[in-house]
Amino acid sequence: MLLEWVKRSMRNWVKNENVQMTAIAFATAVGAQFKINPFREDYFRIGLGVSILLFLLMIMPHLSYVKTGILTGIASFLFQSADLINHVQTVSILESMRDNLGAGVYYVVFAYGLSKFKHRFHEMQPLLLGGLITCIDFSSNLVELLLRGMLSGTNIFYMKEWLYLLVVGGLRSYFVIGLYNSIAVRQMRLLHAEQEKRMEQMLSVNSGLYGEVFYLKKAMNTIEGITADSYDLYRDLREQDMNQYSQRTLGIAQQIHEVKKDSQRILAGLLKLYDNEKAVNMSLSEVLNFASKANRKYSEMLHKQVEIDIEQQYDCESPYYIPLLTVMNNLIANAVEAIEHEGTVRVRVYEQEDDVHFVVMDTGKGVPEAKRDVIFEPGYTTKFNEVGIAATGIGLSHVRDIVQSLAGQIKVESAPPGETGTTFAIAIPKMNLIKGADVDDTFYHDRG
């Protein structure tokens, strides 16, 4: 309990804005000790502190820039005054404070200038932002020089030195902006990669679920037909005074009806996972990209070296990306499974007349001639686990039915003589992919 309390207290302490501003002030004051003196016989100096302050303020825009600048000015003033006294024994405390007051004022003016543009940093181009910060830096240096000239009586009007300050300010500003942008770009890439990973996971789930829901709908239609036939049989038996059989038939019809209602509840629950009103389009290139990436990982999981090549000659956006992804996922996965150790899966997409063609070719063991007519039959599979249980994937019969629901056709072809492998060729009317025509889609149809 004590350890948890300490951890919680430390987290709250670190998140405190006053603590953050004080830490920035301290870091800037320490960094300012790494410095150069551009003017001969003067205590004016350029240190690393400005770069530290600028970078920390850019990554923590929630802080008050003015308050941070004041704290930084005070900390820098105290640090540099103490450092001067330590290195120059003949300098008094008042002289040291006089010579370093300008350095403290510099940070206040610099932070104040940044505060006027803090909310526009992300909107401005890097070159323009660098020029703006250079101007703020140069103006802050001029204020420091003017104050130093007033207090110390030194001559500050050296155009060469002013140009030097402008160049140093520009280099410092663009260096910090470059560092900040490189970190920001990396964060954006990591965020994009995470979003893409989540999208892949979502599409993978949706693709797998689509096949199950598609066949649940089909099974419900079958159940409805069986229910109607059972009730008709009940009435026929009752008219023939076969009451014993008619009552048994009625009981069967009632049980089938209960199964139908249970299936409807399951289907309704599954369809709630999809927002029909927010259905969006996805391009064929994106569908192919997700399918190929997922199956490359699948081949690695199976410890196979499978190269997946995509040859795309046609692209369009379609609201039916989930059924397309379901089909492509399953065909490519079947191709990967058909390859024993290493091989190639080629996917080709092209337009011919009014159809869009999807061709999946592999260099696997192929489909025997005798089985080519039955591979699309329901329940057919060649995949069994170590104890002889058949695979539970959606199967080629499901793939065929999904393609047919899009008013398309699918066929299987063997590899040319002398080669191994299988080719699945799909043709879908282009208008059905783009506009959806009269396609009965599992997820996007009107569900009343």
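The values are calculated or read from the model by the stated rules, or taken from the named source; none is laboratory data. Note that the structure is a prediction, hence the values are computed from the model and not measured. Note: ideal-geometry Cβ built from the backbone for every residue, glycine included; neighbour counts use all protein chains shown. Protein only, heavy atoms only, side chains kept; ligands, DNA and RNA dropped before computing areas. Shrake-Rupley method; radii C 1.70, N 1.55, O 1.52, S 1.80 Å.
Surface calculation, 1.4 Å probe, protein heavy atoms: His192 sits at approximately 110 Å² accessible. Count the net charge of all other residues whose Cβ sits under 12 Å from the Cβ of Val345, scoring Lys and Arg as +1 and Asp and Glu as -1. Net charge around Val345: -2. The solvent-accessible area of Arg248, taken with every protein chain present and a 1.4 Å probe, is close to 150 Å².
Ordering Arg348, Arg148, Arg120 by accessible surface, largest first, gives Arg120, Arg348, Arg148; the 1.4 Å probe counts only protein heavy atoms, with every chain in place. Classification of the stretch 284-330 by its C-alpha gyration tensor yields an oblate form. The axis ratio a/c (a ≥ b ≥ c) is 1.5 or more, and b/c is at least a/b.
Here the stretch 314-360 was treated as a single set of alpha-carbon atoms; its pair distances binned every 10 Å from 0 give 22, 49, 24, 5 percent.
Suppose the Debye formula is applied to equal point scatterers at every Cα of the stretch 217-368; what is log10 I(q)/I(0) at q = 0.09, 0.10, 0.12 Å⁻¹? Each listed q corresponds, in turn, to -0.53, -0.61, -0.73.
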